[in-house]
1. Please give every one of the aspartates and glutamates within straight-line cross-link reach of Lys43, meaning a C-alpha to C-alpha distance under 18 Å, and leave out same-chain neighbours fewer than 8 residues apart.
2. Amide H neighbours of Asn109 under 5 Å, counting only residues 5+ apart in sequence or on other chains, H built in-plane at 1.01 Å?
3. Of His99, His169, how do they rank once you tally other Cβ atoms within 10 Å and put the fewest first?
4. State the Cα centre-to-centre distance between the stretch 209-243 and the stretch 47-100 in whole Å.
5. Per residue of the stretch 198-203, in order, report the coupling 6.51 cos²θ - 1.76 cosθ + 1.60 (Karplus, θ = phi - 60°) as ³J(HN,Hα) in whole Hz, putting x for Gly and Pro.
6. Run the reach check for Lys217 against aspartates and glutamates, Cα to Cα strictly under 20 Å, same-chain hits fewer than 8 apart removed. What comes back?
7. If the stretch 23-241 were replaced by its equivalent ellipsoid, with semi-axes equal to the square roots of 5 times the Cα gyration tensor eigenvalues, what would those be, largest first, whole Å?
8. I'd like the Karplus ³J(HN,Hα) series for the stretch 39-50: coefficients 6.51, -1.76, 1.60, θ = phi - 60°, whole numbers in Hz, and an x wherever there's a Gly or Pro.
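Please treat every number below as a calculation from the coordinates, not as lab data. Since the structure is predicted, the reported quantities are computational estimates derived from the model, not experimental observations. Counting neighbours? That spans all protein chains shown, and the Cβs are built from the backbone with ideal geometry, glycine included.
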Amino acid sequence: MEANGGDKMSHQDFGHKSLLQSDDLYQYILETSVYPREPESMKELREVTAKHPWSVMATSADGGQFLNMLLKLINAKNTMEIGVYTGYSLLAAALAIPHDGKILAMDINREDYELGLPVIEKAGVAHKIEFKEGPALPVLDEMLKDEKNYGSLDFIFVDADKNNYINYHKRLIDLVKIGGVIGYDNTLWGGSVAAPPDAPLKKYIMDSRDFVLELNKALAADPRIEICMLPIGDGVTLCRRIK
Ligand code: SAH
Ligand code: CA
């Protein structure tokens, strides 16, 4: 401990350099920088979603704030979201893109989307959203039949069935423009990607863990993209297409 000036605890003591070492620190972020700046509509949608039995699936408030800023930073206009649920990440994106921006949003479940839709409408951004009910993969295949869709998207957020992420990536890489961004959500999969083999994991975590591990390996090895894995929410991997 002498080397760092006699601090009782240094980052090294934790064996990693992640900043997020406690629930208190996470609460601090939320209470200091996220909740006070969260748009009223997003707060309302978060509260509507909290009453739903699968509300753990929704993007966290800090994750929503991150997406909102990212889309503004890259000037995203033509975008896509795969996996909408009640629409929290969708609203974060819809608030970020310009008035004439577009989000093609897909989910197999329209009911959940309709739970959040009144809040999205009230926020005045519903006109930017085209919702398609049904599995996303056939929609992507259909889009790939038309040359004008190639390289047409500024941003894509993927937050649906983990077993299909690799299949999505194979298609999305042609739909996103060079310099555009694909964000894959849940790439740390509850921390299970680094869990010891005998760790007791929930069934839904076990069921998709191998798919997430495979995806992370494939993204790291893909020369068409630059990547950045962020420990925000359940892990978000940003992929910037470079060729
Ligand atoms: N992005 C949302 C959370 C999405 S949860 C948020 O941040 O709040 C994952 C969603 O993926 C669920 O709503 C589920 O219905 C949807 N989904 C599952 N399989 C799908 C598929 N094949 N195509 C499109 N959506 C799918
Ligand atoms: Ca997610």
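1. Of all the aspartates and glutamates, those that pass the test against Lys43 - Cα under 18 Å, at least 8 places apart if same chain - are Glu31, Asp62, Asp112, Glu114, Glu121.
2. Residues meeting the criterion, in which the H sits 1.01 Å from N, are Gly134.
3. His99, His169
4. That distance is 19 Å.
5. 9, 5, x, 10, 4, 4
6. Filter leaves Asp159, Asp161, Asp174, Asp185, Asp207, Glu226, Asp234.
7. Result for the stretch 23-241: semi-axes of 24, 23, 17 Å.
8. x, 3, 5, 5, 4, 5, 5, 5, 6, 4, 5, 4
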